[in-house]
């Protein structure tokens, strides 16, 4: 119900209580009860002042509605238990003063005990009801805060998932799309050098230029995606070691594979090996055209090691854009498996990429 309606109803109840309990031949009782009833209109803004204005009415008459409502308002708005207890005692004492206001024989001990008990019960009811309403209001506020926190957590989870998907998308774009586009660039460059047909040479030049531009734009896209990415999540479908031989055969690089590929490793480990070999061969095509590659796989029961080395370039290189995102992604994959990835030049002007991780990785 609206607060104004509630206050109006309480004022009416207090006025009716005053009309019934205040004696008409005692003007000060009528005035005090009227003031107490009307003061309830501002009880929400000035609870202590309203409580003080109701005390004379409780002391000179048997009207209890205005005083009880004022004490309830104080209890519902204060968090100081000592202040509330003092107000309850003052209210009980004021109510007890009405025992001597009637033209009746001197009250007996039983009458006094009953009157005091009634006054204490009235004060306690108003006080505990106010505290109950305050606790309910605090609980509602706490529940609203919890609801806001949950909504905020859901937003954070959604943002985290989105960032993970962007990071994985950036990796897959670099590992898959750039791999294919760089192969197109190399093949177009080879066609441009080896053909005698002017039209074919022009077409090959166009294809190579577009491929280089595509790689450059792809690098910028990967950079943007990685800017908001965190730990990776895997997307499907994913490559396995079953397709590694075919990928090597299609790489356009003379490659020798030494060792047997492990068959009892997890899907994540297979993807890591596949992507490492794929990235290494892609870099060889980019930076060492004409080089040969050797892939050595060693599995000693506790550790799996994959080493890709290549000889120096035998033909002039075609400048291609790069931002080292491939090696960054490979290192992330290795770390997720509890392993390491190292890469660097060899003593014979070649290059070496080494992946090591525990064989028990799941």
Query raised in the report: Just wondering, is there one or more residues in region 107-125 that are assigned to a helix (DSSP H, G or I), loosely packed, with under 10 Cβ neighbours inside 10 Å and at pLDDT below 80?
Result: yes
Query raised in the report: Of the numbered conditions (1) over 19 Å from residue 129 (Cα atoms); (2) buried (at least 18 other Cβ atoms within 10 Å of the Cβ); (3) at pLDDT 80 or above, residue 8 satisfies every one except a single condition; which is it?
Result: (2)
Query raised in the report: Looking at 96, 75, 66, which one is out of contact with any strand residue (DSSP E or B) (no Cβ under 7 Å at 6 or more places or on another chain), modelled with pLDDT under 85 and assigned to a helix (DSSP H, G or I)?
Result: 96
Query raised in the report: Given the residues 191, 244, 218, 261, which is the only one that is at pLDDT below 80, surrounded by 15 or more Cβ atoms within 10 Å (Cβ to Cβ) and either assigned by TED's automatic domain parsing to the domain that holds residue 339 or assigned to a helix (DSSP H, G or I) (or both)?
Result: 218
Query raised in the report: Could you say which residue among 176, 161 is assigned to a helix (DSSP H, G or I), surrounded by 12 or more Cβ atoms within 10 Å (Cβ to Cβ) and either at pLDDT below 75 or touching a strand residue (DSSP E or B) at 6+ places or on another chain (Cβ under 9 Å) (or both)?
Result: 176
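In region 247-258, what count of residues is obtained for those that are in a loop (DSSP other than H, G, I, E, B) and at pLDDT 85 or above? Steps first, answer last, please.
Of all residues in region 247-258, those in a loop (DSSP other than H, G, I, E, B) come to 250-254.
Of the ones still in play, those that are also at pLDDT 85 or above are 253-254.
Within region 247-258, residues that are in a loop (DSSP other than H, G, I, E, B) and at pLDDT 85 or above number 2.
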Query raised in the report: Taking region 11-35, which residues are touching a helix residue (DSSP H, G or I) at 6+ places or on another chain (Cβ under 7 Å), modelled with pLDDT under 85 and buried (at least 17 other Cβ atoms within 10 Å of the Cβ)?
Result: 14, 15, 17, 18, 22, 29, 32, 33, 34
Report task. Give the residue that is modelled with the highest pLDDT, with candidates limited to residues of region 342-362 that are under 14 Å from residue 271 (Cα atoms) and under 34 Å from the mean Cα position of the chain (by Cα). Result -> 357
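The values are calculated or read from the model by the stated rules, or taken from the named source; none is laboratory data. Treat the numbers as computed from the prediction; the structure is a model and nothing was measured. Cβ: placed from backbone, ideal geometry, glycine included. Neighbour counts: every protein chain shown.
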